[in-house]
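Scroll down for the structure; my scribbles are underneath it.
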Amino acid sequence: MPRIVSLLPSATEIVCALGFEDALVGRSHECDFPHGIERLPVCTEPKVRGADTRAIHNSVSAILQQDISVYRVDDKLLRELQPTHIVTQIQCDVCAVSLRDVEALMADWVGAAPQLIALNPQSLEDVFGDIQRTATALGADGDSLVGSMRSRMQAIAASASALKPRMVIIEWIEPLMAAGNWMPTLVEMAGGTDPLGRPGQHSAWMTWDDLMGADPDIIVIAPCGFRIEDSQRDLHLLATDRRWQSLRAVRAERVFIADGNQFFNRPGPRLVESLQILSDIVQQCAG
C-alpha cells in the first residue's frame, strides 16, 4: 500500500476518487474533501495575510516580489510521514504548494525519496490527463474515473440551452480577474459563451473597461479559494462602483455567487458538479 501526501485539494480528491483514501497519510491546510480527510496531519500553511481580495492580492504580490514561496511546508513532519508519493502541482505558485517548493525540501532527503506527482492542468483535457497520470503512478487504472466524468459531462452538455448567453466568471474581485483554463470550456458546455476567458490559458487580470465591453448577460462570482460567504463579504467592492450598476447582468439581476473554493477552482472530479451548477444557472436565466 502506498503512503501518499497530497499538497493540494484537487489532488486529494483525485487520489480518493481513485480508491486511495486509506493510503493518504498527510494533506495540505486546504484539503477538506471528501469529508473525514481533516483527520490527516497538515503539512502546509500559508504566509498570506489579508481580510479581503484586495488585501490578499497585495500580500501575495509582496511575497512573490521577494521570489519566495507563498506557503510553508513542514519539512520535519513530511519526513516523519515517510511518504512513498507526494502529489503537488506546477500550475500556479499562488494557488498551492509548488513542485519547486517540494524539490527544494527533497534536496537532502535521507533514504528512498518519494515519487513526485506534479499536476499541471491548463485545460479540461489536461485535468483528465492528470487523473490518468496519477492513477498510473499509483499503480491503478484511471480509465473508469475519467470515463465516468466524461459521460456525466456529456449528458449535462446535451441538455444545455441553445440560447448561448454571454457568461463571465469572475475569479478574483479586487483586482478583477476573468476565469481561464478549463472554465471557458465548462461555460460552453453549460450552454453559454465566455467573452473574456480563454480555454487552456491562465486566468487573466481584466479591467473595468474589459468587463463593461463584454457586458455579459450573466455574471458568476467564484473567486479562487473563496467560499460563498467570503464572496458575499467582498461584494461591496463591486457593488459600490457605479460601473457595476450599468452592466446588463446586474440590471437584470443575473449575478450569481458560487463556491469557487469547493468547485470551479479545483481541477478534479467535482468539475462535473461545477458544470452542473453553470448549466443550472444558464437554464434558470433562459426560463
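The values are calculated or read from the model by the stated rules, or taken from the named source; none is laboratory data. Treat the numbers as computed from the prediction; the structure is a model and nothing was measured. Cβ atoms come from the backbone with ideal geometry, glycine included; neighbour counts cover every protein chain shown. The protein model used for the area step is the full one, side chains on, heavy atoms only, and it has no ligands, DNA or RNA in it. Shrake-Rupley method; radii C 1.70, N 1.55, O 1.52, S 1.80 Å.
Residue-wise HN-Hα couplings along the range 204-216, as the Karplus relation 6.51 cos²θ - 1.76 cosθ + 1.60 with θ = phi - 60° gives them from phi, are 10, 5, 9, 9, 4, 4, 4, 5, 5, x, 6, 6, x Hz; Gly and Pro carry x.
Taking amide H as placed 1.01 Å from N in the peptide plane, ARG72 has its amide H under 5 Å from the amide H of GLU45, LYS47, each at least 5 places away in sequence or on another chain.
Between amide H atoms placed 1.01 Å from N, distances below 5 Å from LEU116 occur with ILE86, all of them 5 or more places distant or on a separate chain.
Of the accessible area of the chain, computed with a 1.4 Å probe over protein heavy atoms only, carbon and sulfur atoms account for 50 percent. Computed on the chain, with alpha-carbon pairs under 8 angstrom and 6+ residues apart, the relative contact order is 16 percent. For the chain, a crude dipole built from +1 on the beta carbon of Lys and Arg and -1 on the beta carbon of Asp and Glu, taken about the Cα centre, is about 340 debye to the nearest 20. Translational diffusion coefficient of the chain (Stokes-Einstein, Kirkwood radius from Cα pairs, 10 °C, 1.306 mPa s): 80 µm²/s. Annotation: amide H of HIS29 within the under-5 Å range of CYS43, THR44, sequence separation 5 or more or interchain, hydrogens built in the peptide plane. Please compute the modelled spin-label separation between ARG150 and LEU116, points set 7 Å along Cα→Cβ, answer in nm with one decimal. Output for this residue pair reads 3.0 nm.
Available extension along the chain between ASP75 and ARG100 is 7.6 nm, counting 0.36 nm per residue and deducting the alpha carbon span. When ASP126, ASP101 are compared by accessible area at a 1.4 angstrom probe, the order from most to least is ASP126, ASP101.
Considering only PRO269, LEU81, VAL187, whose Cα is most displaced toward the positive end of the charge dipole of the chain, charges sitting on Cβ of Lys, Arg (+1) and Asp, Glu (-1)? Value computed over the given set: VAL187. The mean sequence distance of close C-alpha pairs (under 8 Å, at least 6 residues apart), as a share of the length of the range 144-203, puts its relative contact order at 34 percent.
Coupling constants for the range 244-261 follow from the phi torsions by the Karplus curve (6.51 cos²θ - 1.76 cosθ + 1.60, θ = phi - 60°), and in residue order they are 4, 5, 7, 6, 4, 5, 5, 4, 8, 6, 10, 10, 10, 9, 10, 7, x, 5 Hz; glycine and proline get x.
FRET efficiency for the SER159 to ALA107 pair, using the beta carbon distance and R₀ = 45 Å, is estimated at 0.30. Computed from Cα atoms, the angle from the helix 143-158 axis to the main principal axis of the chain rounds to 0 degrees. Evaluating 6.51 cos²θ - 1.76 cosθ + 1.60 at θ = phi - 60° for every residue in the range 16-32, the Karplus couplings come out as 5, 5, 7, x, 10, 4, 5, 8, 6, 10, x, 8, 7, 5, 9, 6, 9 Hz, glycine and proline recorded as x.
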